[in-house]
Amino acid sequence: MKVLVVGNGGREHALAWKLLQSQKIERVFCAPGNGGTATLAGCQNVDIAVDDFQGMAKLAKNEGVSLVVVGPEVPLAKGITDYLQAQGLVVFGPNKMGAQIEASKAWAKALMQEAGVPTANAAVFTDIVAAKSYLKSQGAPIVVKADGLAAGKGVIVAQTIAEAETALDAIFAGQFGSAGNFVVIEECLVGQEVSVLALTDGLTIRPLLPAQDHKRVGEGDTGENTGGMGAYAPAPVATSAMMARVQTEVLEPTIAALRGKGIDYRGVLYAGLMVAPDGEFKVLEFNCRFGDPETQVILPMLDTPLEDLLLACVQQRLGDMPPITWKNGASATVVAASGGYPGDYAKGKVITGLQAAEITGATVFHAGTKLQNSQVVSDGGRVLNVTAIGVDFKQALDRAYAGIAKIEFAGMYYRRDIGHRVMS
C-alpha cells in the first residue's frame, strides 16, 4: 500500500512513522511534510499545500495511493474529503458536513443539545450589544469562543467581566477573521481536561487511549494558551468506568445524531472533556481529526496495525474488527518550542542533537521544522515533540526529558513539569 498523509506537523510525522512500521505499507507521501518526515525511511515529502486539493488528487492518482489520511482540520472543513472522493480516492477523514463539528462551535453545541450529550450551558451571538448584555447577566468567570477555526486560539477563559468584554471586542473587531462571525458564550467548567480520540466508520465508534495535554505555555499550567506543550497517555483521571460512560453518553449519541442529519461521518471524532473533581464530565468541544500532541503519545502505545483501523473506518467495517490492543505502560511527550511562542518567534535556527536524543530511547517527532541544505532548522512555534514510553509515567517522562536534554537550537524553550498531575 501507498498512503498519502496530508499535513506538516508533529501529528503527521507520528502518523507516517506508525504506518511505516507495517509490512503492508510500501511508501508514505507527506504533503507538505516537515524536516522529520523528509528524513524518515520510506517517506517522501511532496511540496503541495494542504488546501491544494487538485494537487493532492493528481499526486495520489499518479502514485497509485490506496489511502489518503488527512491530519489538520482546515482542509477537512474546506471539503478535501468530498473533493478527493469525487476523484475516486479513498479518504480517512470526515466530509465537509461532518467537519462542522469542529468548524462551528455553535453548530456543535446545537448537535450536543439535540443528542443529549452533557455539555456546558451556552448562548450564541452575532451582535456585540446583546452579547455584552448576556455576559453581565451571567457573571464571571465565563468562557468566550470565536465560533469558527482559529488555530486553537479562539477560546478565552475570562476571570472578570472586563476581560470577557475585551475578548468580545477583539472577536467582533475581526481578530479571528470569519471565525468570529458568531460568538459562543458558555459557562466556565472547572476540573481536569481529558482528550478522548475515537475512530468511527459512521456506525461503530471505538475510543483510543485517553490522553491529557498541557495547553498553557508556562510551568504550573500558567500563561497563554498554546496548541499544546506536552501530553501523556493513558490519562489516569479517565477511569475504565468513566470511559464506559463516555462511550454511551457522548460517542454513540453523537454519531447517531450525525447520522440523523444524513451525515456519513468516517474518521476521528475527538471529544475534549472537562472532568470535575467529583468525576462527572461534560464535553467542552469536539474536533474532527487526530489531536496534536495527543497523537504523538497515543500511537506509540498502539499494537493493532494503524492502517487496519483506518481502512476499517473508510470501508465501514469497524464493527467487525477485533478489540484494539495496546502496549502496557505509559507514554509522554515534551514539546520543544521557539522562544517567544505563542507570540512572535524566529525561524531558521539550526537544530542539533536529534540523533543523540533518539539514542536515549526517545522518539523525536518533528512539528515546525524543515530540511535546509542538509540541516534541520526550526520553522514554526512548536518545533519538536520528544516522546518516550515506559513501564510507568515516571520512566516515560524521565526518558522524554533525557532525550530533550540532548537537543539544542537558539531560543529553544520547553516546560519542565509535563505530567506533574500524574507524578504528584
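Of note:
- Hits in the range 228-249 (condition: crowded, with 20+ Cβ neighbours inside 10 Å and in contact with a helix residue (DSSP H, G or I) (Cβ under 9 Å, 6 or more places away or on another chain)): 228, 230, 231, 232, 233, 234, 235, 238
- Residues that are touching a residue at least 60 places away in the same chain (Cβ under 8 Å), within 30 Å of residue 280 (Cβ to Cβ) and crowded, with 19+ Cβ neighbours inside 10 Å are absent from the range 130-139.
- Which numbered condition residue 193 fails, given (1) within 28 Å of residue 94 (Cβ to Cβ); (2) at pLDDT below 90: (2)
- Looking across the range 174-214, just one residue is within 21 Å of residue 10 (Cβ to Cβ) and free of Cβ contacts under 8 Å to residues at least 60 places away in the same chain, and that is 210.
- Checking each residue in the range 382-413 for being touching a helix residue (DSSP H, G or I) at 6+ places or on another chain (Cβ under 6 Å), surrounded by fewer than 24 Cβ atoms within 10 Å (Cβ to Cβ) and within 27 Å of residue 345 (Cα to Cα) picks out 406, 407.
- Conditions (1) under 24 Å from residue 288 (Cβ atoms); (2) surrounded by fewer than 20 Cβ atoms within 10 Å (Cβ to Cβ); number of the one not met by residue 347: (1)
Yes/no matrix, rows are residues, columns are (1) part of a helix (DSSP H, G or I); (2) of a type in the set (Val, Ile, Thr); (3) on the phi > 0 side of the Ramachandran plot:
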position	(1), (2), (3)
99	yes, no, no
112	yes, no, no
117	no, yes, no
124	no, yes, no
134	yes, no, no
137	yes, no, no
145	no, no, no
149	no, no, no
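- Screening the range 1-94 for helices (runs of 4 or more DSSP H) wholly inside it with 1 or more residues that are under 25 Å from residue 262 (Cβ atoms) and touching a Gly at 6+ places or on another chain (Cβ under 9 Å) returns the ranges 53-63, 73-77, 80-86.
- So residue 269, is it assigned to a helix (DSSP H, G or I), under 26 Å from residue 4 (Cα atoms) and in contact with a helix residue (DSSP H, G or I) (Cβ under 8 Å, 6 or more places away or on another chain): no
- Matching option when the condition is crowded, with 20+ Cβ neighbours inside 10 Å, at pLDDT 95 or above, aliphatic (A, V, I, L, M) and over 21 Å from the mean Cα position of the chain (by Cα), among 273, 318, 269: 318
- Residue in the range 32-61 that is surrounded by the fewest Cβ atoms within 10 Å (Cβ to Cβ), counting only those that are over 13 Å from residue 13 (Cβ atoms), touching a residue at least 24 places away in the same chain (Cβ under 8 Å) and within 20 Å of the chain's Cα centre (by Cα): 51
- Some residue of the range 171-190 being crowded, with 16+ Cβ neighbours inside 10 Å and closer than 21 Å to residue 389 by Cβ: no
- All positions within the range 62-86 that are out of contact with any Asp or Glu (no Cβ under 9 Å at 6 or more places or on another chain), aliphatic (A, V, I, L, M) and touching a residue at least 60 places away in the same chain (Cβ under 8 Å): 65, 68, 70
- Residue in the range 155-168 that is small (Gly, Ala, Ser), more than 22 Å from the chain's Cα centre (by Cα), in a loop (DSSP other than H, G, I, E, B) and more than 18 Å from residue 289 (Cα to Cα) present: no
- Test for residue 279: is it of a type in the set (Gly, Ala, Ser), closer than 21 Å to residue 230 by Cα, assigned to a loop (DSSP other than H, G, I, E, B) and modelled with pLDDT under 95: no
- Which numbered condition residue 322 misses (of (1) under 15 Å from residue 206 (Cα atoms); (2) touching a strand residue (DSSP E or B) at 6+ places or on another chain (Cβ under 8 Å)): (2)
- Residue in the range 119-128 that is at pLDDT below 95 and either crowded, with 23+ Cβ neighbours inside 10 Å or among the charged types (D, E, K, R) (or both) present: yes
- Matching residues in the range 113-133 - criterion: being closer than 10 Å to residue 183 by Cβ and of a type outside the set (Gly, Ala, Ser): 124, 125, 126, 127, 128
- Residue that is farthest from residue 392 (Cα to Cα), among those in the range 219-239 that are aliphatic (A, V, I, L, M) and in a strand (DSSP E or B): 231
The values are calculated or read from the model by the stated rules, or taken from the named source; none is laboratory data. What you see is a predicted model; the values in this text were computed from it and never measured. Backbone-built Cβ (ideal geometry, glycine too); neighbour counts: all protein chains shown.
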